[in-house]
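Data block below; observations after.
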Amino acid sequence: MSSAQFVRPARAADVDAVVDIQVASWRAVYGALLPEDVSGALGGEEARGGFRAQWTAALESPPTSRHRLVVATDEVEGVRTVVGFAAFGPAGDPDLWPATDAEVFALHVDPSRARQGHGSRLVNACVDHLVEAGFGTAHVWVPEEANALRDFFESCGWRPDGARREIDMGRLLPMVRLHASISA
């Protein structure tokens with residue numbers, strides 16, 4: 001592992017890289033599950049502008065002091081580069097208790113850098129922060145249909161907790177919630 005591979009808090013200068021990774025990762029993970037017009041629009045200026053505003057707000061005025069956005073870096077052609085990111089904080093689902101239940105809202109790695117340990121470093125960083133903040137369980141929503149993101153979390157020991165929902169993305173996308181006990 002390179003000495004440039006680490007996870008750190010995101011900075012304002014990272015927002016464009018986070019947006020690029022989000023778009024590329026969504027296309028890789030969700031592309032086949034979405035209508036073609038929705039998948040195509042993900043990289044458009046309107047969508048990118050919305051994502052940029054979302055991540056800028058997450059950095060400048062997070063919903064609580066327990067919300068975090070972190071990035072994974074690596075050396076790419078001699079330059080330290082953001083290759084993945086994760087956002088996490090108190091769980092927002094009504095059946096969970098935000099004092100002890102956390103949620104990983106997003107975890108994405110540049111698809112060209114997948115399977116190089118960046119996702120594992122991000123999950124470990126999320127869990128370390130969440131345990132330190134007093135959370136006992138972490139949750140994440142993933143597509144129900146087999147996909148790389150669900151496979152990754154399940155390979156890390158996360159399991160379905162029985163919760164399901166559907167997101168309207170031009171057609172309904174069934175999602176399942178995975179969880180992991182993270183208490184000390």
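The values are calculated or read from the model by the stated rules, or taken from the named source; none is laboratory data. Note that this is a predicted model, so its numbers are computed, not measured. Neighbour counts are summed over all protein chains in view; Cβ atoms, including those assigned to glycine, are modelled from backbone coordinates with ideal geometry.
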| So is Arg80 within 17 Å of the chain's Cα centre (by Cα) and of a type in the set (D, E, K, R) or not? | no
| field | Of all residues in region 145-167 being assigned to a helix (DSSP H, G or I) and not acidic (Asp, Glu), the one that is nearest to Val15 (Cα to Cα) | value | Leu149
| query | Residues of region 75-130 being of a type in the set (A, V, I, L, M, F, W, C), more than 25 Å from Arg27 (Cβ to Cβ) and loosely packed, with under 15 Cβ neighbours inside 10 Å, which ones? | reply | Trp97, Ala99
| task | Filter region 151-184 down to residues that are touching a helix residue (DSSP H, G or I) at 6+ places or on another chain (Cβ under 9 Å), surrounded by 13 or more Cβ atoms within 10 Å (Cβ to Cβ) and in contact (Cβ under 8 Å) with a residue 24 or more places away in the chain, then give me how many there are. | result | 9
| task | Filter region 9-56 down to residues that are hydroxyl-bearing (Ser, Thr, Tyr) and at pLDDT 80 or above and give me whichever is surrounded by the fewest Cβ atoms within 10 Å (Cβ to Cβ). | result | Thr56
| All strands (runs of 3 or more DSSP E) inside region 54-144 with 1 or more residues being closer than 26 Å to Arg164 by Cβ | 79-90, 101-109, 137-143
